[in-house]
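The values are calculated or read from the model by the stated rules, or taken from the named source; none is laboratory data. Here the structure is a predicted model, which is why all the values come from computation and not from measurement. Cβ placement follows ideal geometry from the backbone for every residue including glycine, while neighbour counts extend to all protein chains displayed. What goes into the accessible areas is simple: the full protein's heavy atoms, side chains included, and nothing from ligands, DNA or RNA. Shrake-Rupley method; radii C 1.70, N 1.55, O 1.52, S 1.80 Å.
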Amino acid sequence: MAFGLGRKASVVGRVGAATLLCLVAGCAGTSADAGQAGSCDSPGVSADAIKVGLVYPDTGALAAAFATARGGFEARIDLANEQGGVHGRRVEVVWGDDAGALSGNLAVAQDLVQKSGVFALAELTTVASGSAPYLANAGVPVVGLATEPSWSQYDNMFSTSYDVSDQKSISTYGDFIAARGGKKVAIVEDQGSPATRAATNTLITSLTAAGIQVVARIPYTAGVTSAVQTASKIGASRADVLIGELGADSISEIVAATHQAGLRLKVVLSGSVYDKTLLARYGADLAGMTAYITHLPFESNAPAVTTFRSAVRRFSPEIDDPDQSVVLGSYGQADLLLRGLEVAGACPTRQAFITNLRSVHDFNAAGFLPGGVDLSTNRGSPTVCLAFLTVNAQGTAFEIDRAPDGKEQWCGTRIGT
């Protein structure tokens, strides 16, 4: 495990939990804005500050994928602090490294709650289930990336999108493919991943509802399976649509192979390819490939995008390019945490955070979710609105595929129980 303070005390770096506790003890001061809030006795709450925890994999196999997560999260917190904090309190971030392991996740969460005394936690990791039962029993509010089923099982856990579900889906995928004339779909997937299988089932439910036939489910293992042979199987299936439930590099290699094989596909769709570095690497080989995302695209001219970029560049200058999904996802979860602190009141309790945030009907993730998300009903349900972006013919940029109503997002309906 590794722990550290946010950038306001960046000289600390990574320190042991006991050292961290000494560093943060007694840091609270006074504030005329806090007023009566100074008498609050909730964990992590003082007269002029409120302490929150951040858990992410700073080391281990997932470290590279989440390298910019802390920067995105702290940029949104720092922006809020610059604007006066929440109810007159500065938000202080104490972070811990779970190394992408279930056991590490539990150990870090326990230390942040019991030793560092944080009020709430943000989990920017794929192993939050390691600490989920403990945090639920302790009544600690949690926000984060809902990549595991546990996110839909506990009332104290909040997210804006629950994409992993075997029972629920949305019509949006099928609506988009039908609008592009797709009739037969081949799905290439990593069948060794439970999360991927659940995501594939979500897609199939949507396709079936739109009258689109799934003609092949093709297993693929990165670094083992041949992209050329996979392209041959796609051709043999006579599919006119390819969906890739794979990592970005894997689906990019397969798309390049379909081009080389001369396959004419009406849609090539993936949720993992919205990444400008792929365009630099593969170029025109990715022409026509479509990414889907749950938020406004960086190509949008919306004010929210400008504010986000400015905040990341000012407060997290170590991030070379703000336009990354991990950065934005972390920024959005920080905004969710701030909303919870706001609705918890001037003298917040953990239960007030949980109860009142669950009653919010219009959370828009700092403007990146137009129309807002109803947090009272979204738990365990995929987001119904998606943005679709297709790589141009030169392979140099993503271009927004606008919905029939001209908007930058396609919004369908929920399917399933």
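Listed values, structure above:
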{"quantity": "Of all residues making up the stretch 96-147, the number that are in a helix (DSSP H, G or I), open to solvent by 10 Å² or more (accessible area, probe 1.4 Å) and polar (S, T, N, Q)", "calculated": "5"}
{"quantity": "Members of the stretch 128-148 found to be on the phi < 0 side of the Ramachandran plot and out of contact with any strand residue (DSSP E or B) (no Cβ under 9 Å at 6 or more places or on another chain), listed by number", "calculated": "Ser129, Gly130, Pro133, Tyr134, Asn137, Ala138, Thr147, Glu148"}
{"quantity": "Pick from the stretch 175-220, criterion touching a residue at least 60 places away in the same chain (Cβ under 8 Å) and of a type in the set (Val, Ile, Thr), ranking: surrounded by the fewest Cβ atoms within 10 Å (Cβ to Cβ)", "calculated": "Thr205"}
{"quantity": "Every pair of residues 6+ apart whose Cβ atoms lie under 9 Å, when the first sits in the stretch 355-373 and is on the phi > 0 side of the Ramachandran plot while the second is open to solvent by 70 Å² or more (accessible area, probe 1.4 Å) and part of a loop (DSSP other than H, G, I, E, B)", "calculated": "Gly371/Asp362; Gly372/His361; Gly372/Asp362"}
{"quantity": "When residues of the stretch 255-304 are limited to those that are of a type in the set (S, T, N, Q) and closer than 20 Å to Lys407 by Cβ, the one surrounded by the most Cβ atoms within 10 Å (Cβ to Cβ)", "calculated": "Thr294"}
{"quantity": "Count - residues of the stretch 309-322 that are farther than 19 Å from Thr277 by Cβ and open to solvent by less than 10 Å² (accessible area, probe 1.4 Å)", "calculated": "1"}
{"quantity": "Some residue of the stretch 398-407 being modelled with pLDDT of 95 or more, open to solvent by less than 30 Å² (accessible area, probe 1.4 Å), on the phi < 0 side of the Ramachandran plot and in contact with an Asp or Glu (Cβ under 8 Å, 6 or more places away or on another chain)", "calculated": "yes"}
{"quantity": "Of all residues making up the stretch 83-132, the number that are of a type in the set (D, E, K, R) and closer than 16 Å to Pro43 by Cα", "calculated": "5"}
{"quantity": "Any chance Lys266 is within 29 Å of Lys168 (Cβ to Cβ) and in contact with a strand residue (DSSP E or B) (Cβ under 7 Å, 6 or more places away or on another chain)", "calculated": "yes"}
{"quantity": "Pair list, Cβ under 8 Å, 6 or more apart: the stretch 391-408 residue among the basic types (Lys, Arg), other residue part of a loop (DSSP other than H, G, I, E, B)", "calculated": "Arg402/Glu408; Lys407/Pro370"}
{"quantity": "Enumeration of residues in the stretch 270-285 that are part of a loop (DSSP other than H, G, I, E, B) and touching a Phe, Trp or Tyr at 6+ places or on another chain (Cβ under 8 Å)", "calculated": "Gly271, Tyr274"}
{"quantity": "Residue in the stretch 211-237 that is farthest from Val185 (Cα to Cα), counting only those that are part of a helix (DSSP H, G or I) and among the β-branched types (Val, Ile, Thr)", "calculated": "Val228"}
{"quantity": "Of residues in the stretch 82-95 being buried (at least 23 other Cβ atoms within 10 Å of the Cβ) and touching a Ser or Thr at 6+ places or on another chain (Cβ under 8 Å), the one nearest to Val55 (Cα to Cα)", "calculated": "Val94"}
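Yes/no per residue for (1) more than 22 Å from Val94 (Cβ to Cβ); (2) out of contact with any helix residue (DSSP H, G or I) (no Cβ under 8 Å at 6 or more places or on another chain):
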{"position": "Ala304", "(1), (2)": "yes, yes"}
{"position": "Pro322", "(1), (2)": "yes, no"}
{"position": "Leu328", "(1), (2)": "yes, no"}
{"position": "Gly340", "(1), (2)": "no, no"}
{"position": "Gly345", "(1), (2)": "yes, no"}
{"position": "Ser376", "(1), (2)": "yes, yes"}
{"position": "Cys385", "(1), (2)": "yes, no"}
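Conditions (1) out of contact with any strand residue (DSSP E or B) (no Cβ under 7 Å at 6 or more places or on another chain); (2) open to solvent by 40 Å² or more (accessible area, probe 1.4 Å), marked per residue:
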residue: Ser330; (1), (2): yes, no
residue: Arg339; (1), (2): no, yes
residue: Pro348; (1), (2): no, no
residue: Thr355; (1), (2): yes, yes
residue: Arg358; (1), (2): yes, no
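A quick yes/no check of all residues on (1) over 20 Å from Gln213 (Cβ atoms); (2) of a type in the set (Val, Ile, Thr); (3) modelled with pLDDT of 95 or more; (4) not in a helix (DSSP H, G or I):
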{"residue": "Ala239", "(1), (2), (3), (4)": "no, no, yes, yes"}
{"residue": "Glu253", "(1), (2), (3), (4)": "yes, no, no, no"}
{"residue": "Val268", "(1), (2), (3), (4)": "no, yes, yes, yes"}
{"residue": "Ala304", "(1), (2), (3), (4)": "yes, no, yes, no"}
{"residue": "Ser310", "(1), (2), (3), (4)": "yes, no, yes, no"}
{"residue": "Arg313", "(1), (2), (3), (4)": "yes, no, yes, no"}
